[in-house]
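The values are calculated or read from the model by the stated rules, or taken from the named source; none is laboratory data. Quick caveat, the model's predicted, so the values are computed rather than measured. Every residue, glycine as well, gets a Cβ built from its backbone with ideal geometry; the counts of neighbours run over all protein chains shown.
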Amino acid sequence: MTLKLCAPTLALAAVVSLTAPTAMAQEFPSKPVVIVVGPGPDAMPRLFGHKLTEMWGQPVVVEPQPGGGGIMAMRTVTRAAPDGHAMLLTTGSYTINEVIRPNFPLSLARDFSPAALIGTLSFMLLVHPSVPAQSLQELLKLAREKPGELNCASSGIGTTAHLGCEMLSHYGGVKILHVPYKGVAPALNDMLAGRAHVMFSVPTAIAHVQSGALRALAVTGPRRLSTLPDVPTVAEAGLPDLTFSSWNGLHLPAHTPKAVVAKINADVAKVRGMPDVQKRMQELGFTPEGGDPESFAQFVSADIERWRKAGKDTRVQVE
């Protein structure tokens, strides 16, 4: 179901009313559900939202709110009623922000209830064809020969791609200029035009690799992508410290009833297990991942510690 959205949307306004927690747990979902998306692509919430709409008999609306590095989206959900009808699509960008932004006002652990992990995804290390490097090691050699002449585009300050650029320079022992853009689309457009040289991108850009418009040198996860079997991991390419991945999950406002959280977790697991959903996730570079809300909370905590080390090593900090 497609709805024209405005700020605030009618669907979002409907979820901010308070209702007795016991009734919420029994009736969920009793009205439209909104998945608020901050930084990052919205492919997963749209895929899962479509399936949950069919399962629940209530529309699941995806509302992009990319501003403020995720703060806008987080605030929207924390201000909603804790009844499951407002969800936040969480990604690795949120755990990074808690590490590199010392004054970040919100915390996944303090202000939200973890509901469900959807999956993890690797990034592709891409270069424009004008860059004379056929491998990661050749890229590092080129960067050493021309310090500061290559740039690395990202979708914005504090994103996973931003940290990827900084880690490439630090762990590769080179100087590559990080250039932040306001979102994935403008960064990718400049990559395709040759104005940007290097970029870490989720595999949704794989069509540009397959067409030859961009060249993939490596993938950042622990395994090769099934859609790019000939492209090595960064560890295989000789730079294991560059290994990282991101993830997608769903968080709810703090104090959401456990029965509601459990239902959302179980229904997301059902969707994640559907063959057509798994096929689409793999096409987009995702590895389906699950577990109960408690294990998801532990996953997020471990991710924060991983990025804390990367942030300390690269000395990235955003005021």
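General remarks:
- Candidates Val15, Val36, filtered to the one that is among the β-branched types (Val, Ile, Thr), modelled with pLDDT of 60 or more and crowded, with 18+ Cβ neighbours inside 10 Å: Val36
- Screening Glu305 with (1) at pLDDT 95 or above; (2) in a helix (DSSP H, G or I); (3) acidic (Asp, Glu) gives one miss only, at (1).
- Members of the stretch 255-290 that are in a loop (DSSP other than H, G, I, E, B) and surrounded by 16 or more Cβ atoms within 10 Å (Cβ to Cβ): Thr256, Pro257, Leu284, Gly285, Glu289
- Counted residues, the stretch 163-202 - those being touching a Pro at 6+ places or on another chain (Cβ under 9 Å), of a type in the set (Val, Ile, Thr) and either modelled with pLDDT of 95 or more or under 21 Å from Arg308 (Cβ atoms) (or both): 2
- Every condition in (1) under 26 Å from Met281 (Cα atoms); (2) buried (at least 23 other Cβ atoms within 10 Å of the Cβ); (3) hydrophobic (A, V, I, L, M, F, W, C); (4) in contact with a strand residue (DSSP E or B) (Cβ under 6 Å, 6 or more places away or on another chain) holds for Ala196 except the one numbered (1).
- Annotation: Val174 fulfils all but one of (1) β-branched (Val, Ile, Thr); (2) touching a Lys or Arg at 6+ places or on another chain (Cβ under 8 Å); (3) closer than 20 Å to Thr91 by Cβ; the unmet one is (3).
- The set of residues from the stretch 240-299 being closer than 18 Å to Thr204 by Cβ and either touching a Cys at 6+ places or on another chain (Cβ under 7 Å) or without any contact (Cβ under 8 Å) to a residue 40 or more places away in the chain (or both) comprises Asp276, Gln278, Lys279.
- Residue selected from the stretch 175-191 under the condition surrounded by fewer than 17 Cβ atoms within 10 Å (Cβ to Cβ) and part of a helix (DSSP H, G or I), by the criterion farthest from the chain's Cα centre (by Cα): Asn189
- The one condition in (1) without any contact (Cβ under 8 Å) to a residue 60 or more places away in the chain; (2) not assigned by TED's automatic domain parsing to the domain that holds Arg308 that Pro105 fails to fulfil: (2)
- Per-region count, the stretch 139-156, residues touching a residue at least 40 places away in the same chain (Cβ under 8 Å) and surrounded by fewer than 15 Cβ atoms within 10 Å (Cβ to Cβ): 0
The rows are residues; the columns are (1) assigned by TED's automatic domain parsing to the domain that holds Thr78; (2) at pLDDT below 95; (3) of a type outside the set (A, V, I, L, M, F, W, C).
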position: Ala213; (1), (2), (3): no, no, no
position: Glu236; (1), (2), (3): no, no, yes
position: Lys270; (1), (2), (3): yes, no, yes
position: Pro275; (1), (2), (3): yes, no, yes
position: Glu289; (1), (2), (3): yes, yes, yes
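- Selection count where residues are under 18 Å from the mean Cα position of the chain (by Cα) and within 18 Å of Glu289 (Cα to Cα), scope the stretch 45-92: 10
- Filter result for the condition that a residue is over 21 Å from Phe48 (Cβ atoms) and crowded, with 19+ Cβ neighbours inside 10 Å, over Leu228, Leu217, Leu252: Leu217
- Boolean, Gly70 is modelled with pLDDT under 95, on the phi > 0 side of the Ramachandran plot and crowded, with 18+ Cβ neighbours inside 10 Å: yes
- Checklist (1) crowded, with 20+ Cβ neighbours inside 10 Å; (2) modelled with pLDDT under 95; (3) outside any loop (DSSP other than H, G, I, E, B) applied to Val316, failing item: (3)
- Scan of the stretch 291-302 for residues that are over 17 Å from Pro222 (Cα atoms) and either of a type in the set (Val, Ile, Thr) or assigned to a helix (DSSP H, G or I) (or both), ordered by number: Pro293, Glu294, Ser295, Phe296, Ala297, Gln298, Val300, Ser301
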